[in-house]
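Asks: I'd like to ask some things about the structure below.
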Amino acid sequence: MSTALPDYYFRIRENGATVFRVDTENRQRRIEMEQIAVLNIRNGEVKPQGDHVLSAEDRAAIDDWMAKRQALLAARSMDDIHRAVDHLNLTTQWAQSKATPEQLDEITDTLLLAMHDLRAVLVRKKADRLQPDGD
């Protein structure tokens, strides 16, 4: 395990992060974290905190973190979809082999509507992709 701390700490928030500069080079040898910015991952907005002016090094670290975070969130999103497919298959198996008539009565209409909605969107999106450009 490394004893060196990173120069920046990103506290995850719902739409981004709060960015801190980490400082261990002080007289008390304590870890100090100075908040330098708040960022929004959705729109790429970076707001320096207070009178702080972001250096080129600050901005490079923030841009690098944002790119990595967006890639991670995209990968997680695709993983969620693959898990949803697994859940659909498990639900099919459950409905076929384990579900009671009462359980099926409870979820059939809701599940059919959700599946119909998903199918309609997927068919429309596939048709859009299959059409030549310009039509």
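Asks: For the stretch 8-33, enumerate the residues that are farther than 17 Å from Ala67 by Cβ and either surrounded by 13 or more Cβ atoms within 10 Å (Cβ to Cβ) or among the hydroxyl-bearing types (Ser, Thr, Tyr) (or both).
Replies: Tyr9, Thr18, Phe20, Arg21, Val22, Asp23, Thr24, Met33
Asks: Restricting to the stretch 1-20, what's the tally of residues that are at pLDDT 95 or above, touching a helix residue (DSSP H, G or I) at 6+ places or on another chain (Cβ under 9 Å) and not small (Gly, Ala, Ser)?
Replies: Residues in the stretch 1-20 being at pLDDT 95 or above, touching a helix residue (DSSP H, G or I) at 6+ places or on another chain (Cβ under 9 Å) and not small (Gly, Ala, Ser): 4 in total.
Asks: Tally time: how many residues in the stretch 19-73 are farther than 22 Å from Ala4 by Cα and part of a strand (DSSP E or B)?
Replies: Here the count works out to 7.
Per-residue answers, yes or no, for (1) more than 21 Å from Ile12 (Cβ to Cβ); (2) at pLDDT 95 or above; (3) surrounded by 10 or more Cβ atoms within 10 Å (Cβ to Cβ); (4) of a type in the set (Ser, Thr, Tyr):
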residue: Ala60; (1), (2), (3), (4): no, yes, yes, no
residue: Ala67; (1), (2), (3), (4): no, yes, yes, no
residue: Ala84; (1), (2), (3), (4): yes, yes, yes, no
residue: Ser97; (1), (2), (3), (4): yes, yes, no, yes
residue: Asp105; (1), (2), (3), (4): yes, yes, yes, no
residue: Asp117; (1), (2), (3), (4): yes, yes, yes, no
residue: Val123; (1), (2), (3), (4): yes, yes, yes, no
residue: Pro132; (1), (2), (3), (4): yes, no, no, no
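Asks: List the residue pairs whose Cβ atoms are under 8 Å apart, where the first residue sits in the stretch 55-84 and is more than 20 Å from Asp23 (Cα to Cα), the second is aliphatic (A, V, I, L, M) and surrounded by 11 or more Cβ atoms within 10 Å (Cβ to Cβ), and the two are 6 or more positions apart or on different chains.
Replies: From residues that are more than 20 Å from Asp23 (Cα to Cα), the pairs are Met66/Leu39; Met66/Ile41; Arg69/Ala17; Arg69/Ile41; Gln70/Ile41; Leu73/Ile41.
Asks: Does the stretch 39-79 hold any residues that are touching a strand residue (DSSP E or B) at 6+ places or on another chain (Cβ under 9 Å) and among the hydrophobic types (A, V, I, L, M, F, W, C), and which are they?
Replies: Selection gives Leu39, Ile41, Val46, Leu54, Ala61, Ile62, Trp65, Met66.
The values are calculated or read from the model by the stated rules, or taken from the named source; none is laboratory data. Remember, predicted model here, so these are calculated numbers, not experimental data. So basically every Cβ, Gly included, is an ideal-geometry build from the backbone, and we count neighbours across all protein chains shown.
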